[in-house]
Amino acid sequence: MRFLLDAEQRAFAESLGAMLTSADTPSVVRDWSRGEHAGGRALWSRVADAGVFALAVPEEYGGLGVRPVELAVAFVELGRHAVPGPLVETVTAAALLSETDPAAKRLLPALASGEAMATVAHEGSYALDGDVAGTRLALAPDGLHLSPGHGPIRPSLDPARRLTPLTPGGELLTPAPPLGRALATARLATAAQALGVGLALLDKTVAHVVQRTQFGVPIGSFQAVKHRLADAKIALEFARPLLFGAALTMDPADVAAAKVRACEAAYTTARTALQLHGAIGYTAEYELSLWLTKARALRTAWGSPRECRDTVIQGGDRQ
């Protein structure tokens, strides 16, 4: 099995990364966390124009065809730049709707083009960015509903992840939504996003320890600091082949394993980044916090480490 990206996939990552670097995403994230969505919507349109959401939508509904590897490539960059919004939820909604005629014909083209955002949640739980998503899908005991509204905003560990309950009821789209593929898509995108967050935290921390001095020398020259950074680097690099291997197979056990490894690596890197930045790392005003809080939130999004490990074990038993 080949885990290396080809030239076209690398070029896609580089072009998306360059676009996001020029977009000043930290200011967009801070505005988004305050409920100011203009900058985030503009960035969303640019991400959609790059074809990111179309990678989760079949061609017959205006997409580029379902391409999990390219989707993972894109979400690594989205995580690296801390792009806000219901990114994972939109591609998960695309997976849910792809096998749901006639709703697919009505709703998927707008998701592929970026005209609409989507969010997904189980009835009674909280949905991400339900206040800004135009397509709100609620999973109820009797099937998949198009929720007519949302409740009040609830705080989250990550200020950019705005949580809302969905209004029960609404149009019943299908009594039997394809949950398996949708969950695998959600976990794959979350894992890729977490890997990108971890890579950004590592880059920022390396830059910091080179500049910060103690006893007249950069703290990055200390052996203990080098070991912490090396451990974080190894954890992230071990997660990378698991992620792209899972994107090739889309087996639920493979995807769950990739999510555990990528999210744990990002969380470990976040702890290292916080320690090596010292007191400044604890301040919400410092940009590092935008990635620190996201690493913690993604760790349990779409399946806790324990739930994902259970999936891996159950998959192994079936084999």
Subject >> Inter-label distance for GLU237 and ASP251, nm, one decimal - labels placed 7 Å from Cα along Cα-to-Cβ >> reply: 2.6 nm
Subject >> Pairwise FRET efficiency - ALA279 versus ARG306, Cβ, R0 = 41 Å, nearest 0.05 >> reply: 0.80
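Roughly what % of DSSP beta bridges within the chain run antiparallel, to the nearest 5?
Around 75 percent of the beta bridges assigned by DSSP in the chain are antiparallel ones.
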Original post:
Based on DSSP H runs of at least 4 residues, each adding -39500 (n - 2.57), what is the mean residue ellipticity at 222 nm of the chain after dividing by all its residues, to the nearest 500 deg cm²/dmol?
Top reply: -19500 deg cm²/dmol
Subject >> Approximate spin-label separation ARG296-SER113, in nm, with each point projected 7 Å along Cα-to-Cβ >> reply: 4.1 nm
Subject >> Cα-centre dipole for the chain with unit charges at Cβ (Lys and Arg positive, Asp and Glu negative), debye to 20 >> reply: 1020 debye
**OP:** With semi-axes √(5λ) of the Cα gyration tensor in Å defined as stated, name the option among (i) 44, 24, 16; (ii) 28, 25, 19; (iii) 33, 22, 19 computed from the structure displayed.
**Re:** (iii)
**OP:** Would you list, by chain and number, the aspartates and glutamates whose Cα falls below 14 Å from the Cα of LYS226, excluding same-chain residues fewer than 8 positions away?
**Re:** ASP203
Subject >> Under 17 Å from LYS105, Cα to Cα: aspartates and glutamates that are on another chain or at least 8 residues apart >> reply: GLU59, GLU60, GLU115, GLU171
Subject >> Neighbour cut-off at most 14 other Cβ (10 Å), DSSP loop, trypsin sites (Lys or Arg not before Pro), segment 1-37 >> reply: ARG2, ARG34
Subject >> Residue-span extension gain [LYS226 to GLU14] - 0.36 nm each, minus C-alpha spacing >> reply: 73.5 nm
Original post:
Taking the Cα atoms only, what angle lies between the long axis of helix 223-249 and the longest principal axis of the chain, rounded to 10 degrees?
Top reply: 20 degrees
Original post:
For the chain, with the dipole built from +1 on Lys and Arg beta-carbon atoms and -1 on Asp and Glu ones, taken about the Cα centre, which of SER125, HIS208, GLY35 lies farthest toward the positive end?
Top reply: HIS208
**OP:** Would you mind putting 67-73, 227-233, 213-219, 249-255 in packing order, based on average other-beta-carbon counts within 10 Å, highest first?
**Re:** 67-73, 249-255, 227-233, 213-219
**OP:** Quote the FRET efficiency, to the nearest 0.05, computed for ILE313 versus ARG46 with a Förster distance R0 of 35 Å and r equal to the Cβ-Cβ distance.
**Re:** 0.30
Subject >> Most to least packed among 270-278, 89-97, 37-45 [average Cβ atoms within 10 Å] >> reply: 89-97, 270-278, 37-45
**OP:** Name the shape class, rounded, prolate or oblate, that the alpha-carbon gyration tensor gives for segment 180-318, where a ≥ b ≥ c are the square roots of its eigenvalues, rounded holds for a/c under 1.5, and otherwise prolate holds if a/b is larger than b/c and oblate otherwise.
**Re:** prolate
Original post:
So what's the net charge close to PHE222: Lys and Arg +1, Asp and Glu -1, counting the other residues with Cβ under 12 Å from its Cβ?
Top reply: +3
Original post:
What lysines could a cross-link reach from LYS259, if we take a straight Cα to Cα line under 25 Å and drop same-chain neighbours fewer than 8 places away?
Top reply: LYS204, LYS233, LYS294
Original post:
³J(HN,Hα) across segment 62-77 via Karplus (A = 6.51, B = -1.76, C = 1.60, θ = phi - 60°), whole Hz, x for Gly/Pro?
Top reply: x, x, 9, x, 6, 10, x, 5, 5, 5, 5, 4, 5, 6, 4, 5
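Just so you know, all these numbers are worked out from the coordinates, no wet-lab data involved. Not measured: the values here are computed from a predicted model. Cβ sites come from the backbone with ideal geometry, for glycine too, and all protein chains shown count toward neighbours.
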